[in-house]
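Notes for the one structure printed next.
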Amino acid sequence: MAKKVLPLLALAAANTLPDVAAQPASQKGRAGSQRPNIIYIMSDDHAYQAVSAYGHPIGRLAPTPNIDRIAREGVRFDQAFVENSLSSPSRACLITGLYSHQNGQQMLLEGIDSTRTFFSELLQQAGYQTCMIGKWHLMCEPKGFDSYHVLYDQGSYWNPEFKSPTSDGKYIREEGYATDLITDHAIDFLDHRDASKPFCLLVHHKAPHRSWFPDVKYLGMYDNTEFPLPETMWDDYSTRGSAAHTQKMSIDKDMELALDLKVDSVGRPVDRFRRTIAEYGRLNADERKAYEQYFGDRYNRFQRDSLTGRALVEWKYQTYLRDYLSVIHSIDENVGRLLRYLDEHGLAENTIVVYASDQGFYLGEHGWFDKRFMYEESLRTPLVMRYPRDIPAGTVSTAMVQNIDYAPTFLDYAGVKQPKQMTGHSLRALFKGKKRLRKSLYYHYYDYPAWHLARKHDGVRTDRYKLIHFYGHGGERALQENKYQQQAGTRENNSYKGMAQSGYITNDPDIDYYELYDLQADPHELNNIYGQPGTERITRKLMRELLRYRKQLQVKE
C-alpha cells in the first residue's frame with residue numbers, strides 16, 4: 001500500500017551527501033558517499049491520465065507497468081505542474097530552473113536566452129559525464145553536454161534524423177522507430193560511459209506528440225477497447241469567458257480526419273494519406289504495407305458507417321485514444337529497457353530515475369485535445385521518481401511541485417550549490433520531512449496568436465483554489481505584443497504568415513477578465529465562480545498572491 005506523505009520520509013535524512021562541487025573528477029564525495037547517477041526520461045504530451053500508476057480509468061485500461069514500477073519503488077507526485085504548458089517553454093524551464101519570462105522561451109519556436117546557465121553545465125563542471133538524447137527542440141545547441149544525439153526539430157516517428165557532435169552539424173537519417181532509436185542511443189551511452197564518473201543522462205522522447213503514429217507491431221492494439229468518455233466531454237463553457245469558446249482544440253471541430261485520424265472523407269485513403277501525412281513518405285516498404293493495410297481498413301469502416309453528430313465525435317475520441325495509447329505503450333516498453341539495464345549492470349541502487357512529461361494533455365476533457373490552458377489536465381503533469389538510497393518505496397507526495405524544481409533537485413543530489421537566480425526548489429527537501437515547497441504556484445502562457453488559438457493568460461493555484469487572468473489583444477492585433485512574430489525571417493514570423501494565409505487566425509476579441517475555481521467543490525472546473533457572492537474574500541487573497549508573483553518575478557504581460 002502507498003505511504004501517505006512525508007513524516008515517514010524523515011527516515012531518509014540519515015543518508016546525506018557532501019558538497020562535491022570542488023571534486024570534479026571523482027564519483028565520491030569527501031565523506032565517501034557516492035554521488036548518484038541521474039536518468040531523466042521525458043515524453044512529449046503524456047497525460048497523467050494515461051499513466052496507470054495514477055489510477056485513472058484510461059490508465060487502467062491501457063497500463064504502463066514500467067513507468068508504474070518507478071512510482072512503486074519510489075515516489076509518485078500527485079500535484080506536479082508546469083509553469084507554461086507548451087513544449088519548448090517547458091523544456092527551457094527544465095534546463096534552466098527559471099520561469100519562461102526569465103529564460104526567454106515564452107513562445108514555441110524561438111526565444112531561449114542561451115547565455116543563461118543550464119543545469120547540465122553545472123553538473124559537467126562538477127565532474128558529471130552528461131548526455132542528451134532525443135528531442136531537444138530549443139533554438140540553440142545543446143549546452144553542458146559531453147555528448148548528445150538529438151532529433152531534428154520536433155522529430156519524426158519513423159526513420160528520423162539525428163545530429164551529434166560528430167555529424168558535422170548535419171542531421172543524419174536513421175532507420176527505425178524513434179522511441180526505440182532514442183533508447184538505443186541512451187543504452188549506447190551507458191555502455192561506453194566513463195565508469196569513473198557519475199553520469200546525468202537526459203532521454204527525451206518525441207512520442208506521444210501529435211499525430212500519434214504507433215509502431216507497426218502495436219497497430220490496433222486497443223481497437224477492441226472502449227474508453228470511457230470524460231465527464232466533461234460535452235462541456236459548453238457556459239460559465240467561462242471567450243477564451244474557452246474561441247480555441248481550436250476541439251475534438252469535434254478541430255481534430256482532422258486525415259492528419260490526426262489517418263482517414264479522409266474525400267479521395268482514396270492511400271493517396272490522401274500520401275499527400276497529407278508527412279510521416280508516410282518516411283516509411284520503408286514493409287512499414288508502408290502495414291500502414292496501408294491498417295489505415296485502409298479504418299478508412300473503409302469509416303466510409304461504411306457514415307457517422308454524424310455526437311456519434312462522429314465519439315468515434316474521433318475513441319480513434320484518437322487508441323492511437324495515442326498505442327504510442328505510449330512503446331514509451332513504457334522502452335522505459336522498461338532502461339530499468340532492466342540498470343538492474344543488470346548493478347546501477348539501480350545509486351541512480352535517480354525520473355519519468356515526466358513536458359506538460360499535461362487533454363484526453364477529451366472539455367471536449368479537447370492538446371494542452372496550453374491552465375485547467376488541470378494541461379497544467380498537471382505525471383512525475384514519478386526513484387532513488388532507493390533516499391526515497392522510501394511506495395511514497396505518495398501531495399506537495400505542489402513544478403518543473404522549475406527539477407534542475408535544483410539534480411544539483412542538490414549532486415552536491416552542487418544552486419545558483420541564486422535559479423527560482424525553483426529542490427524536491428529533496430520533501431524526502432527530509434518538509435511537507436511542502438510552496439503554498440501556491442504561478443503559471444503563464446504566452447503563445448498567441450498561434451496554433452490552437454489558446455489566449456494568453458497567467459494565474460495562481462493553491463491546494464484548493466485557482467485564479468486565472470485572460471488578457472491581450474485578439475487576432476492579428478496581438479502581434480504587437482510578440483517579439484519574434486514581428487521579425488521577418490524568424491520561425492515565429494514564418495509560422496504566423498502560414499496561419500494568416502490559410503485563414504487560421506480568427507478575429508478574436510480583446511480580453512481582460514478573470515476566472516476562479518474551487519477545486520475541492522468543482523474538481524472538473526466547470527463552474528467559474530469569479531464575481532459570485534461569497535467569493536470576495538478568497539478572490540482578494542488570490543489576487544494579492546497573483547500580484548505578489550508578478551512583482552517579485554518582475555513579470556511583464
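Around ASP323, under 9 Å between beta carbons, what's the net of Lys plus Arg minus Asp minus Glu among the other residues?
Values: positive: LYS262, ARG322; negative: ASP260.
Around ASP323, the surrounding residues sum to +1.
What number comes out for accessible area per residue over the chain if the probe is 1.4 Å? Units Å², please. Kindly include the intermediate steps, with their values, before the conclusion.
Numbers: 21130 Å² over 557 residues.
On a per-residue basis, 38 Å².
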Over the chain, calculate the relative contact order: mean separation of alpha carbon pairs under 8 Å at least 6 apart, over the residue count, as a percent.
24 percent
Ordered by packing density, taken as the mean number of other Cβ atoms within 10 Å over each peptide's residues, highest first, how do 89-95, 380-386 rank?
89-95, 380-386
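Highest mean first, how do 159-168, 451-460, 526-535 rank when packing is the count of other Cβ atoms within 10 Å averaged over residues? If you can, show how the numbers build up before the last one.
Values: 159-168: 16.0, 451-460: 23.0, 526-535: 13.9.
Ranked by mean Cβ neighbours within 10 Å, highest first: 451-460, 159-168, 526-535.
What translational diffusion coefficient, to the nearest whole µm²/s, does the stretch 72-139 have by Stokes-Einstein, given a Kirkwood radius computed over alpha-carbon pairs, a temperature of 4 °C and 1.567 mPa s viscosity?
Numbers: Rh = 13.3 Å.
The estimated diffusion coefficient comes to 98 µm²/s.
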Find out how many positive minus negative residues lie around GLU121, taking Lys and Arg as positive, Asp and Glu as negative, among other residues whose Cβ is under 12 Å from that of GLU121.
+1
Candidates (i) 125, 52, 45; (ii) 73, 57, 41; (iii) 70, 64, 53; which is the computed Cα extents along the principal axes in Å?
(iii)
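Given a 1.4 Å probe and every protein chain left where it sits, what share in percent of the accessible area of the chain is carbon and sulfur?
49 percent
What number in nm² do you get for the stretch 432-557 if you take the convex hull of its Cα atoms and divide its surface by four? Intermediate results must be reported in sequence, preceding the final value.
Details: hull surface 42.5 nm².
Convex hull of Cα atoms, orientation-averaged projection: 10.6 nm².
Quick one: which of 228-240, 138-150 comes out on top by average Cβ neighbours within 10 Å, and what's the full order, highest first?
Working: 228-240: 15.5, 138-150: 19.8.
The packing order, highest mean first, is 138-150, 228-240.
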What does the charge add up to near LEU553, with Lys and Arg as +1, Asp and Glu as -1, over the other residues with Cβ less than 11 Å from its Cβ?
+2
Any idea how far apart ARG60 and ARG173 come out in nm if each label point goes 7 Å out from Cα toward Cβ?
4.6 nm
For the stretch 54-68, take each phi angle, set θ = phi - 60°, evaluate the Karplus expression 6.51 cos²θ - 1.76 cosθ + 1.60, and give the result in whole Hz per residue in order, putting x for glycine and proline.
8, x, 6, x, 5, x, 5, 7, 10, x, 10, x, 6, 5, 4
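Please sort by residue number the GluC sites (Glu not before Pro) in the stretch 57-118 whose DSSP state is loop and whose Cβ has at most 12 other Cβ atoms within 10 Å. Walk me through the intermediate numbers first.
Values: sites: GLU73, GLU83, GLU110; in loops: GLU73, GLU83, GLU110.
Sparse-neighbourhood loop GluC sites (Glu not before Pro): none present.
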Could you report the accessible area of ARG389 in Å², rounded to 10, computed with a 1.4 Å probe on the protein chains as they sit in the structure?
90 Å²
Furthest towards positive pole of dipole, ALA207, TYR218, VAL82, structure part the chain, Cβ charges:
VAL82
How far apart, in nm, are the 7 Å Cα→Cβ label points at LYS435 and GLN487?
4.7 nm
Between ASN527 and ALA393, what is the label-to-label distance in nm when each label sits 7 Å out along the Cα-to-Cβ direction?
4.3 nm
Amide H within-cut-off set for THR130, under 5 Å, with H built and near neighbours excluded
ASP146, SER147, CYS200
Please list log₁₀ I(q)/I(0) at q = 0.09, 0.10 Å⁻¹ for the stretch 258-407, using the Debye equation with identical point scatterers on the alpha-carbon positions.
-0.47, -0.57
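The values are calculated or read from the model by the stated rules, or taken from the named source; none is laboratory data. Computed from a predicted structure; not experimentally measured. Positions of Cβ are generated from backbone atoms using ideal geometry, with glycine treated the same way; all protein chains shown enter the neighbour counts. Quick note on the areas: whole protein, heavy atoms, side chains included, nothing else; ligands and nucleic acids left out. Shrake-Rupley method; radii C 1.70, N 1.55, O 1.52, S 1.80 Å.
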